[in-house]
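Trainee: Here it is: the structure, laid out below.
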Amino acid sequence: MRASHLSPKHISTLYLKNPQRLNVVITGSTKGFGKALASEYYANGANVIIHSRHAYNVANVYNELYSNKEDNLLYGIAADVSNAQDVKFMLDSIQEKMPVIDLWINNAGICTYEKQPFLELEDTNVNTIVSTNMLGVMYCCAYVMPVMESQSNGGHIINVIGAGSNGKSTDGYSVYGSTNSGIMQFTKTLTKETTDSKVGIHILSLEMVQMDLIMSNVENDPKLREVIDIMCENPPVVSHDIVKKINKEVLIPNTHHTIIKVFDSCKLIRKIIAYYLRKIFGIY
């Protein structure tokens with residue numbers, strides 16, 4: 001696949017108009033949580049780079065989000081993060097539009113959307129999942145970190161993880177779950193190896209978010225449907241809270257490693273109580 005960039009309607013000097021504006025890159029940001037996060041950042045005045053492997057997805061989301069603002073940038077780029085040359089191209093193109101990258105969020109990831117035992121998976125599916133989810137994060141970190149290191153204020157990278165990151169089994173999604181576990185281990189190791197770096201390396205756990213992987217199976221699994229109704233939030237709701245958490249926990253001086261979770265235990269307990277109150281008493 002050949003990487004490409006899509007020129008929006010105005011991009012030339014937007015960064016220079018307000019050099020204090022946050023510059024954010026989000027891989028895999030044309031659907032689900034990534035799209036919701038890009039929308040949230042853009043609506044709140046950040047300069048945002050949206051990304052997908054597919055140029056038409058980038059174009060569609062760009063046209064949907066773009067709002068003729070004169071004060072912040074929205075830019076789209078298509079590239080395959082599992083390909084090192086594509087990642088280099090993507091970074092070069094981004095640097096032409098953003099002299100400084102403050103925040104890079106590695107959200108791109110894929111899975112099989114139907115539960116399948118590992119021994120029934122095609123080789124191509126295994127290769128695609130591992131290369132996109134694992135190599136994509138590694139390549140982006142490898143090429144973005146030196147750029148951020150050269151910036152006067154450094155920068156921050158957030159690696160997004162989902163089910164399996166805690167080491168527990170993910171029946172029917174063995175390869176997807178193993179990549180999340182691997183990303184967690186890789187991020188912790190990279191953090192240890194770069195303790196003197198100006199680049200913060202962080203984890204964002206999305207285990208309690210309504211992801212495409214989960215939602216594709218709810219119709220045939222009543223128990224899963226109930227768990228989702230109790231515990232999971234939809235991406236737009238989560239993205240609003242996550243931006244606040246990133247501002248509070250990540251984008252502060254001398255922060256090198258943070259694990260951001262969608263829910264703390266108190267919020268989860270409140271959701272469980274609220275669900276059963278609604279179910280028993282019809283309270284909404």
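The values are calculated or read from the model by the stated rules, or taken from the named source; none is laboratory data. Every value quoted in this text rests on a predicted model; they were computed, and no experiment measured them. In this analysis, Cβ positions are derived from the backbone assuming ideal geometry, glycine residues included, and neighbour counts consider all displayed protein chains. These area figures cover heavy atoms from the full protein model, side chains too; ligands, DNA and RNA do not enter into them. Shrake-Rupley method; radii C 1.70, N 1.55, O 1.52, S 1.80 Å.
Trainee: Yes or no: CYS111 under 30 Å from PRO253 (Cα atoms) and in contact (Cβ under 8 Å) with a residue 12 or more places away in the chain?
Mentor: Answer is no for this residue.
Trainee: Now a separate question. Does at least one position in region 220-228 carry a residue that is open to solvent by less than 60 Å² (accessible area, probe 1.4 Å) and at pLDDT 90 or above?
Mentor: Checked against the condition, which is being open to solvent by less than 60 Å² (accessible area, probe 1.4 Å) and at pLDDT 90 or above, region 220-228 yields no hits at all.
Trainee: A further question on this structure: When the residues of region 31-71 are filtered to those that are in contact with a Phe, Trp or Tyr (Cβ under 9 Å, 6 or more places away or on another chain) and among the polar types (S, T, N, Q), which remaining residue is farthest from ASN106 (Cα to Cα)? Explain how you work it out, then say what you get.
Mentor: Step one: list which residues in region 31-71 are in contact with a Phe, Trp or Tyr (Cβ under 9 Å, 6 or more places away or on another chain), which gives 42, 47-50, 62, 65-67, 69.
Add one more test, that the residue is among the polar types (S, T, N, Q), and what stays is 47, 67.
Numbers: ASN47: 17, SER67: 25 Å.
Across region 31-71, the extreme among qualifying residues is SER67.
Trainee: When residues of region 163-202 are filtered for being under 18 Å from LEU135 (Cβ atoms) and not in a helix (DSSP H, G or I), how many remain?
Mentor: Of the residues in that region, 3 qualify.
Trainee: Report, ordered by the first and then the second residue, all pairs with beta carbons closer than 6 Å, sequence separation of six or more or different chains, a first member in region 30-53 that is under 21 Å from VAL81 (Cβ atoms) and in a helix (DSSP H, G or I), and a second member that is open to solvent by less than 10 Å² (accessible area, probe 1.4 Å) and not aliphatic (A, V, I, L, M).
Mentor: Correct list of pairs: LYS35/SER29; ALA36/SER239; LEU37/SER239; ALA38/SER29.
To keep it simple, each residue is scored yes or no on (1) open to solvent by less than 30 Å² (accessible area, probe 1.4 Å); (2) touching a residue at least 24 places away in the same chain (Cβ under 8 Å).
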| residue | (1), (2) |
| --- | --- |
| PRO117 | no, yes |
| ILE129 | yes, yes |
| MET145 | yes, yes |
| GLU149 | no, yes |
| SER152 | no, no |
| ILE157 | yes, yes |
| SER181 | no, no |
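Trainee: Between ASN159, ASN180, ASN133, ASN125, which is modelled with pLDDT of 85 or more, within 24 Å of GLY32 (Cβ to Cβ) and more than 20 Å from the chain's Cα centre (by Cα)?
Mentor: From the options ASN159, ASN180, ASN133, ASN125, the qualifying one is ASN125.
Trainee: For the subset of region 49-106 comprising residues that are open to solvent by less than 40 Å² (accessible area, probe 1.4 Å) and aromatic (Phe, Trp, Tyr), which member is modelled with the highest pLDDT?
Mentor: Among them, the one singled out is TRP104.
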